[in-house]
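Notes for the one structure printed next.
The values are calculated or read from the model by the stated rules, or taken from the named source; none is laboratory data. Remember, it's a predicted structure, so these values are computed and weren't measured experimentally. For neighbour counting, all protein chains shown are included, and Cβ atoms are generated from backbone atoms with ideal geometry for every residue, glycine included. With ligands, DNA and RNA removed, areas are computed over all heavy atoms of the protein, side chains included. Shrake-Rupley method; radii C 1.70, N 1.55, O 1.52, S 1.80 Å.
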Amino acid sequence: RHDGGRVVVWVTLLTSVRRSYLQFLFKAIDLPFLPDYWDFQTKLEWKINQSTTLTYINIGSIDRFTLNSASNTSPENLYLLDRLPIFNQNTLTNGVVLKKVMKDGFLTLALSRNSLWNRIYKYEDNDPAKGYLQDYVSTEDENKLRLNVVSWKGSWRISYGAVLQFAQYSNTSFLKLSIGDTIDYKTKLNFFRYGVYGSISRKFLDDKLTANFGIRTDLNSFTKTGNNPIETISPRIGVNYQITPKFAVNASAGRYAKLAPYTILGFQSEGRYLNEDAKYILSDHLVAGFEYFPSSSWIVTIEGFYKWYQN
């Protein structure tokens, strides 16, 4: 629109598409497999007004793998052609983010979906007419709604939020064994995941010391203890002290909880899920290090950490 003789642009667009050319190189040097990879991304930003921005983001990839049956008939190539299955994979993430600047902070609301599709298959003697020796298809889809609020109350920085997620997983596996038997397996799983979190931080001692504390809990509607927030309480604390203008030390400790992979949660036998009692994977971290600022454009950081894993 025109504003006082000036043209004000409210919408910006960034986009890119890339493709690998390894498949042409591999074919030129006569390798028996040819990878072909694409990725793409788009960002569209609309500044609704001085305090509100709406952003759309799209990121994806297409990964293809084919056999080069025209390669030379060396023993190595014949062996690989006989053994290698074909791998295909697609990934896609779409998201819309609304950011609202408020008097003492800002609010972010994000709605997104990310998808992963895998297929691995192999024909007998690489001939589709002879049927499959192996055919594996796996999908993972996550639909997420996330709210995050950051505000400043005097010297305190306060951040809190919540996330709601609907997860979908499926797996179809066919495998013909050398002894003549076959494995023909299918599973599907849909459930909700949710969590809340918060953190506070503040500077002390003439802004030389920065301290922060946070806590989070994650839950789900599938596992037997998934709705017990005590199971996944994850506190974390950190400090940073500026000893001199060019030297600072930092230390932190925290617990992190992660749900078991979908391949474990979705595993079935005779129509029954076998891992509903799977616990969250827990990791406790201790971290310490220092930062050195030789100039205004350089930072040198050295850190060490130790982790304990459970489940």
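Highest mean first, how do 96-102, 194-200 rank when packing is the count of other Cβ atoms within 10 Å averaged over residues?
The densest-packed peptide leads the list: 194-200, 96-102.
Per-residue ellipticity at 222 nm for the chain, helices alone: DSSP H runs ≥ 4 residues times -39500 (n - 2.57), over residue total, nearest 500 deg cm²/dmol?
-1500 deg cm²/dmol
Counting only heavy atoms of the protein chains, get the accessible area per residue of the stretch 127-254 (1.4 Å probe) and round it to a whole Å² value.
57 Å²
Run the accessible area of the stretch 182-262 with a 1.4 Å probe and give the carbon-and-sulfur part as a rounded percent. List each step's numbers first, then the result.
Details: 2870 of 4710 Å².
Carbon-and-sulfur percentage of accessible area, whole number: 61.
Which one of ASN240, PHE267, ILE200 has its Cα pushed farthest toward the positive end of the charge dipole of the stretch 200-280, where Lys and Arg give +1 and Asp and Glu give -1 at the Cβ?
After comparing all options, I get ASN240.
Would you mind getting me the FRET efficiency between ILE230 and TYR21? Use the beta-carbon distance for r and R0 = 51 Å, nearest 0.05.
Here the calculated transfer efficiency is 0.45.
On average, how much accessible surface per residue is there in the stretch 29-124, in Å², for a 1.4 Å probe, leaving out ligands, DNA and RNA?
The answer is 59 Å² per residue.
Less than 18 Å apart at the alpha-carbon level, and either on another chain or at least 8 residues along: which lysines does that give for LYS258?
LYS144, LYS224, LYS279, LYS307
Hey, got the Cα dimensions of the stretch 266-311 along the principal axes, in Å, largest first?
Principal axes ranked by extent give 65, 21, 9 Å for the Cα atoms.
Could you pull out every residue, at least 5 positions away or on a different chain, whose amide H is within less than 5 Å of the one on ALA278? Hs are placed 1.01 Å off N in the peptide plane, and Pro or chain starts have none.
Under 5 Å from the amide H of ALA278 lie the amide H atoms of LYS224, each far enough along the sequence or on another chain.
Given (i) 63, 46, 32; (ii) 75, 59, 43; (iii) 53, 42, 34 as candidate values of Cα extents along the principal axes in Å, which corresponds to the one derived from the coordinates?
Structure-derived value, by its label: (ii).
Give the cross-link partners of LYS27 among the lysines, using a straight C-alpha distance below 27 Å as the criterion and excluding same-chain residues fewer than 8 apart.
Straight-line reach from LYS27, under 27 Å: LYS122, LYS130.
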